[in-house]
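Engineer: Here it is, the structure, as structure tokens.
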Amino acid sequence: MEPISTITVMLLSAGLLIIGFLAGWLINSKITYSKMTKAEESAEKIVKDALLEAEALKKTAMLEAKDEMYKEQLRIEREMETRREELQKTESKLVTRERQLDRKVDLLNNKERSITAKERQFAVRDKALQARDEQLSAVIIEQNAKLERIAGMSQEEAKALLMANMEEEARKDAVWRAREIREEAIAKADREAKEIITRAVQRLATKHVGESTVSIVNLPSDEMKGRIIGREGRNIRAFETSTGVDVVVDDTPQAVILSGFDPIRREVARMALEHLILDGRIHPGRIEEVVEKTRHDMEEVIREAGEQAAFDAGVHGLHERLVEMLGRLKFKTSYGQNLLMHSGEVAFLAGMMAEHLGLDAALARRAGLLHDIGKAATHEVEGTPEEIGAEMARKFGEVPVVVNALEPHPDGAEIISPIVSLVEAADTMSSRRPGAQRDTLEGFIKRMEKLEATASAFNGVQNAYAIQAGREIRVIVDSDLVSDSDTDRLASEISEKIEQEMEFPGQVKVSVIREMRAVDYAMREIKPGAGTGPLQTPVGNHRR
């Protein structure tokens, strides 16, 4: 067998390659055709599905649109129905109003006819009245002429006589009316005075209570406030119950406030609280024990204060009850002045004046020391301090002069001894001396300025001067603007305004002064050569 040539092998290889290529192309074509067929079928299916879905969406949209149209139609129909009802109501109202207007028009027409008829009647009456007026005028003239002939006086003379008689009657009526007004004023004086005092008490009560009914206890630290209050407030309740004083624990640093009207109780509470703070043991049992001990100590302090005051004043043989009441004055004040010190000053001043006048100095000191004794028991016994003091002095065997010195002395009251007057004078000197009563210089100056400004605010006032520490205001008025009859009215108005706008103890006297001065100058012309030059032009009268 002959060997296969190279050319033959190459030809066979090329044929095989061609055959493989053709086979691959055929296979690929079949695969491609199969995929295209499947793709076309899938596309057709997708298109059909899309068409079906679109048709369904179209039907759904049409149904929804129809539903919305139906709802809108129903809404429009309801609105139309509502508007028709409103129109019907409005139409019925218009009809009603039209009927009412028709009735009113008829009424107005009737009234117009009635008014026209009345105007005609008034015109007729007016003419008749004018005619009657003319007749009356003629009759009056005739009667006046007859009266003048009968009386023998002219009309002016008759008027003058009538006016004189009327003036005399008016003067008599004025005198009687003035007397009635004066009696009525006297009858109402007591009630008005009580009203004034009540208003003064009402205006000053708050300020006075805030200043004179509290005591402050200093604390070593703010932690002590919690111990004073105690668990669930037990300590503070026990303290308030034992002392009868309110304890105020607020934001004030390192201090608590004790509030109460009774100064003795407040002092007992202050001493007891200070002792508890120093001791450190604060609980209900210990509080009651300390308060009771402090109360006994306070009784001893009161008795010693009364005995010391009596010893310093040189007064002996006082009853124990009077000594106790005298010691209580140590814890009472009046306008910031301690009453026990004030009583000692009054005793010293009264005794000194009695010695210079040759009177019983010991009796004067005794009356002066006891003159305010009633103020120590004003919350225990009914009555004024003077009445209480006089009753106590009478009860415990004091002599009539001392009792009379303690009694109130209104105008016209009986004074049985000059010593009584000396005690009253000493009381005034002690309470009115500068610095005795609490009043700062700045407050005093402001009060004086306000008093003068209040009086100067009235028309016609030239100057106003506050004197006697504000107890009197003197008002100088312009005589050209204020007459004599206006001075009383001006004084009354100034006093009323001072009462309304200012706070002051006692009373303020308002004095309105109106002065008329006439000034004239005597002039004489001097001839030249007499040693002086000619005088100036004479000056006319000048009034002020």
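What follows draws every value from the coordinates through simple rules; no lab data is involved. Everything numeric in this text was worked out from a predicted model, so none of it was measured. Using ideal geometry, Cβ is built from the backbone for each residue, glycine included, and neighbour counts are taken over all protein chains shown.
Engineer: To the nearest 0.05, how large is the calculated FRET efficiency for His409 and Glu156 if R₀ is 56 Å and r is the Cβ-Cβ distance?
Structural biologist: That gives a FRET efficiency of 0.30.
Engineer: Note down the magnitude of the dipole of segment 11-93 about its Cα centre, charges +1 on Lys and Arg C-beta and -1 on Asp and Glu C-beta and zero elsewhere, to the nearest 20 debye.
Structural biologist: So the magnitude is around 320 debye.
Engineer: So, one more: Can you list, largest first and rounded to whole Å, the semi-axes you get for segment 246-390 by taking the square root of 5 times each eigenvalue of its Cα gyration tensor?
Structural biologist: Working from the Cα gyration tensor, I get semi-axes of 35, 15, 14 Å.
Engineer: Which value at 222 nm does the chain reach when only helices count, each DSSP H run of 4 or more adding -39,500 (n - 2.57), with the total divided by all residues and rounded to the nearest 500 deg cm²/dmol?
Structural biologist: After summing the helix terms and dividing by the residues of the chain, the value is -24500 deg cm²/dmol.
Engineer: Dipole size in debye (nearest 20) for the chain around its Cα centre, Lys and Arg Cβ +1, Asp and Glu Cβ -1?
Structural biologist: Rounded to the nearest 20 debye, it is 1920 debye.
Engineer: So, R0 is 35 Å and r is the distance between the beta-carbons of Gln100 and Glu72; what FRET efficiency does that work out to, to 0.05?
Structural biologist: 0.25
Engineer: Once R0 is set to 45 Å, what does the formula 1/(1 + (r/R0)^6) return for the Cβ-Cβ distance between Glu40 and Thr60, expressed as a FRET efficiency to the nearest 0.05?
Structural biologist: Efficiency for this residue pair is about 0.90.
Engineer: Here is a follow-up. Tally Lys and Arg at +1 and Asp and Glu at -1 over the other residues with C-beta under 13 Å from the C-beta of Glu53: what net charge comes out?
Structural biologist: My count for the surroundings of Glu53 gives +2.
Engineer: Considering all projection directions equally, how large on average is the shadow of the alpha-carbon convex hull of segment 16-151, in square nanometres?
Structural biologist: Approximately 25.3 nm², given one-decimal rounding.
Engineer: Report the label-to-label distance for Ala187 and Ile141 in nanometres (one decimal), using points 7 Å from each Cα along the Cα→Cβ vector.
Structural biologist: 5.5
Engineer: With each label point set 7 Å from Cα along the Cα-Cβ vector, what nm distance links Ile445 and Thr384?
Structural biologist: My value for the distance between the label points is 3.8 nm.
Engineer: Of (i) 74, 56, 50; (ii) 195, 112, 81; (iii) 70, 49, 48, which one was derived for Cα extents along the principal axes in Å from the structure shown?
Structural biologist: Among (i) 74, 56, 50; (ii) 195, 112, 81; (iii) 70, 49, 48, the one derived from this structure is (ii).
Engineer: Write down the percent of antiparallel bridges among all DSSP beta bridges whose residues are both part of the chain, to the nearest 5.
Structural biologist: Around 75 percent antiparallel, to the nearest 5.
Engineer: For segment 105-122, take each phi angle, set θ = phi - 60°, evaluate the Karplus expression 6.51 cos²θ - 1.76 cosθ + 1.60, and give the result in whole Hz per residue in order, putting x for glycine and proline.
Structural biologist: 4, 4, 4, 4, 5, 5, 5, 4, 5, 5, 4, 4, 5, 5, 4, 5, 5, 5
Engineer: What residues qualify as long-range amide H neighbours of Ser479, i.e. H under 5 Å apart, gap of 5 or more or another chain, H built at 1.01 Å from N?
Structural biologist: Glu515
Engineer: Taking the Cα centre of segment 441-517 as the origin, how large is its charge dipole in debye, to the nearest 20, when only Lys and Arg (+1) and Asp and Glu (-1) carry charge on their Cβ atoms?
Structural biologist: 240
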